[in-house]
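Please read the structure below before turning to the comments.
The values are calculated or read from the model by the stated rules, or taken from the named source; none is laboratory data. This structure is a prediction, so every number in the text was calculated from the model and none was measured. Note that each Cβ is placed from the backbone with ideal geometry, even for glycine, and that neighbours are counted across all protein chains shown. Note: accessible area is taken over every heavy atom of the protein model, side chains too, but ligands, DNA and RNA are not part of it. Shrake-Rupley method; radii C 1.70, N 1.55, O 1.52, S 1.80 Å.
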Amino acid sequence: QTQVVAAVSLDVPSSLADQTASQLTTGSDLNSFLSMAGLPSVTVLGVASYCGSGREPVGRNCVLCPRGAYKSLADNSSCVSCPAGADTQGPGSLEAAACKCQAGFAGLAGGLCQACKAGSYKAVNGSAECVPCEAGSFSNATAATSCEACTAELASEPGSTSVED
């Protein structure tokens, strides 16, 4: 009798991925699954499961990457954190481009985000650039999301970092 050793990869819908990965831990589990799919049974020497894109292993389960992280590979690697100053819109992100610069930071999606310099601000998330504070306002902080208005007796030039400018 000849023994054939084979690796089988089963693609299952993401809605079943967590359930399937945690349930297919023995040969009888796999054969039950194959039987439901109308496939012949096999002798199983071992079962390995992998988390899909946007998911990472936690114990024997696959969970969505948390907000602020992504994973593009369908393997058992961990999710990758977005660069500093960037965030994703929610959990389960699939690619680096899902990392968008937060308000107060500028840069392209998936790339490095630079804090707005004093005298400038960015009020929205995304790839917009930092803009200088308008005349009559200032920002003395980096990563500002707004500029402060000067008091009535003081004025400032565009892009000011203090009320003395």
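Summary of computed values
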quantity	calculated
Protein-only accessible surface order, largest first, of 71, 100 at 1.4 Å	100, 71
Of all accessible heavy-atom area on segment 74-157, the percent that carbon and sulfur account for (1.4 Å)	55
Packing-based order for 123-133, 49-59, using average beta carbon neighbours within 10 Å, highest first	49-59, 123-133
Distance in nm between pseudo-label sites at residue 77 and residue 151 (7 Å out along the Cβ direction from Cα)	5.5
Relative contact order (%) - segment 46-85, alpha-carbon pairs under 8 angstrom, separation at least six	38
Amide H within-cut-off set for residue 51, under 5 Å, with H built and near neighbours excluded	75, 76
